[in-house]
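What follows draws every value from the coordinates through simple rules; no lab data is involved. Given the structure is predicted, the values throughout are model-derived calculations rather than measurements. Quick reminder, even Gly has a Cβ in these numbers, built from the backbone with ideal geometry, and neighbours come from all protein chains shown.
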Amino acid sequence: MALTSYGTKIDLRPLAQRERHPLIFNTFRSLDAGESVELINDHDARPLLEQFRAEWPGRFAWDELQAGPEVWRVRIVKLAAHGDGRCCGSCGGA
């Protein structure tokens, strides 16, 4: 895991499959609003996206940076929650 000017960057490729999602979720939980984590992977992260949608609806932004065929990169930004007095930006102010 590396800290970059854009946030945390994690190369998941050398990690065992069972270690990847816990590391990603723990890293995301540790982020403050507006901070991001960039993931570098050896496969499409669509299943991970669905897990994020289920766990943190409206609390993240997903930016696909590279889509294969050998390397996939995605940036996940933690959005502000309504509880802190700011709009999350994805609900239209609802």
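Report the Stokes-Einstein translational diffusion coefficient (µm² s⁻¹, integer) for region 2-84, Rh taken as the Kirkwood radius over Cα pairs, at 20 °C with viscosity 1.002 mPa s.
165
Run the dipole for region 2-84 about the Cα centre, Lys and Arg Cβ at +1, Asp and Glu Cβ at -1, nothing else charged, and hand back the magnitude in debye, nearest 20.
Result for region 2-84 is approximately 120 debye, rounded to the nearest 20.
For region 2-84, what is the percent of antiparallel DSSP beta bridges, rounded to the nearest 5?
80
Enumerate the calculated ³J(HN,Hα) couplings along region 61-72 in order (Karplus 6.51 cos²θ - 1.76 cosθ + 1.60, θ = phi - 60°), each rounded to whole Hz, writing x wherever the residue is Gly or Pro.
Each residue's phi maps through the Karplus curve to give 10, 10, 10, 6, 9, 8, 10, x, x, 10, 10, 10 Hz.
Would you grab the residues whose amide H sits under 5 Å from the one on F60? Only those 5+ places off in sequence or on another chain, please, with H modelled 1.01 Å from N.
L79
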